[in-house]
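Beneath this line is the structure, given in structure tokens, with notes to follow.
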Amino acid sequence: MDLLRSLPIGLYLDQPITRLHQLDARVKFIWLMAFLAAPLLANPWWRLALVGLLMLLTLLAPIPPRVWRQQMGWLIFLAIIVFLITAITPDGLGVSIQPRLPDEGLNLPPASDYQYVLWDRGRLFVTRRSLELAVRISTLIFTLIYSTNLFLLTTAPEEITEGLENLMSPLRRFNVPVTEISLTLTLSLRFIPLVLEEVQNLARAVRTRAIDWQKLGIKRSLNVWLTVVEKLLDNLLLRAEQIAIAMEVRGFTSPNQHQVRWHELKLRWADFIALFLLIPFWAARLVWGGL
């Protein structure tokens, strides 16, 4: 199993170049913040609309089917599991039962079709509140994870750091080390594939030894996995030390004295259109999303 290809996380997709790839990193980051903030205090219908909008963006980009099936499939499964568990669990509202009957002369409203309990099978039941809570939680999980995945999938690490450095440039007036932060973020993003590679190599090494876990027992199996984790940390620290030595050999002293920008950002017409679409997006959020 190749973790660098099969692991469903938002690693950068260099090919093919989609419409989302062509947008400026700053514009995509602003839209990411919009997707992360829009579900707050929103009603379930608006949260479902955000899920549909993310799926529509994926299809219109267009992201290759093999990629979005891999990215979206496990997340939809997780959201469905969370939805089902939340829907059938108690909603936390304790309804007090009054044993007394109302006065015969009391004018009661006519009976309606309203039911608080929507589905009842003994100990398993779904109420209106539990259903609404299930929709809120499952859509929130999908929106937060998939919007971030889509951003990382279509934006190179250099573009991300350059965009964040540009957006944080006003903080330089307060002596915030913006360049150092962006460089650290670049190295961290570039370090993710190395971590996956080390995990993959250790997993293959354990598998090729054909260890009989049943004969080892729980205690000895834990000792084996602790050894594997220790080896993983040693390898990662070694990789980090190699990166530091490589930068030091090349005479790197500080980001202010060396070129640390590898991508030039430039706004185009498509970027301005994407920024303009934020206005109807938030207008729809205020009108139909609720407070």
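The values are calculated or read from the model by the stated rules, or taken from the named source; none is laboratory data. Note that the structure is a prediction, hence the values are computed from the model and not measured. Ideal geometry is used to build each Cβ from the backbone, glycine not excepted, and the neighbour counts take in all protein chains shown.
Would you list the helices (runs of 4 or more DSSP H) that sit entirely within the stretch 124-235 and hold 2 or more residues that are closer than 30 Å to Leu48 by Cα and of a type in the set (Gly, Ala, Ser)?
So the answer is 128-154.
Give all pairs with beta carbons closer than 8 Å in which a residue from the stretch 36-60 that is part of a helix (DSSP H, G or I) meets a residue that is of a type in the set (D, E, K, R); count only pairs at least 6 apart in sequence or on separate chains.
Pro44/Glu132; Pro44/Arg136; Trp46/Arg285; Arg47/Arg136; Leu60/Arg19
Looking at (1) at pLDDT 85 or above; (2) of a type in the set (A, V, I, L, M, F, W, C); (3) in a helix (DSSP H, G or I); (4) surrounded by 13 or more Cβ atoms within 10 Å (Cβ to Cβ), which is the only condition Leu267 fails?
(3)
On the given criteria, is Arg69 among the charged types (D, E, K, R), in a helix (DSSP H, G or I) and without any contact (Cβ under 8 Å) to a residue 40 or more places away in the chain?
Against the criterion (among the charged types (D, E, K, R), in a helix (DSSP H, G or I) and without any contact (Cβ under 8 Å) to a residue 40 or more places away in the chain), Arg69 qualifies.
From the residues in the stretch 43-57 that are touching a Lys or Arg at 6+ places or on another chain (Cβ under 7 Å) and over 18 Å from Asn149 (Cα atoms), which one is modelled with the lowest pLDDT?
This residue is Pro44.
Within the stretch 1-35, work out how many residues are in a loop (DSSP other than H, G, I, E, B) and modelled with pLDDT of 90 or more.
2
Would you check which residues across the stretch 144-164 are in contact (Cβ under 8 Å) with a residue 60 or more places away in the chain and of a type outside the set (A, V, I, L, M) and list them?
Residues satisfying the conditions are Tyr146, Ser147, Thr148, Asn149, Phe151, Thr154, Thr155, Pro157, Glu158, Glu159, Glu162, Gly163.
Filter the stretch 33-45 for residues that are hydrophobic (A, V, I, L, M, F, W, C) and buried (at least 18 other Cβ atoms within 10 Å of the Cβ); which is nearest to Glu165 (Cα to Cα)?
Phe35
List the residue pairs whose Cβ atoms are under 8 Å apart, where the first residue sits in the stretch 218-235 and is over 15 Å from Val195 (Cβ atoms), the second is of a type in the set (A, V, I, L, M, F, W, C), and the two are 6 or more positions apart or on different chains.
Filtered contacts from the stretch 218-235: Ser221/Trp213; Val224/Val206; Val224/Ile211; Val224/Leu216.
Give me the pairs: first residue in the stretch 166-178 and under 19 Å from Arg26 (Cα atoms), second residue loosely packed, with under 14 Cβ neighbours inside 10 Å and among the hydroxyl-bearing types (Ser, Thr, Tyr), beta-carbon distance under 9 Å, and six or more apart or on different chains, which are they?
Final answer for the pair search is Val178/Ser169.
Exactly one condition in (1) farther than 30 Å from Arg19 by Cβ; (2) aliphatic (A, V, I, L, M); (3) over 18 Å from the mean Cα position of the chain (by Cα) is not met by Leu167; state its number.
(1)
Going through Leu101, Leu93, Leu60 one at a time, which residue ends up being of a type outside the set (Asp, Glu), surrounded by fewer than 17 Cβ atoms within 10 Å (Cβ to Cβ), touching a Lys or Arg at 6+ places or on another chain (Cβ under 8 Å) and at pLDDT below 80?
Details: Leu101 fails: touching a Lys or Arg at 6+ places or on another chain (Cβ under 8 Å); Leu60 fails: at pLDDT below 80.
Step by step, each of Leu101, Leu93, Leu60 is checked, and only Leu93 is of a type outside the set (Asp, Glu), surrounded by fewer than 17 Cβ atoms within 10 Å (Cβ to Cβ), touching a Lys or Arg at 6+ places or on another chain (Cβ under 8 Å) and at pLDDT below 80.
Just checking, which of Leu187, Leu202, Leu232, Leu278 is modelled with pLDDT under 80 and either among the aromatic types (Phe, Trp, Tyr) or surrounded by 13 or more Cβ atoms within 10 Å (Cβ to Cβ) (or both)?
One residue alone meets the criteria, Leu187.
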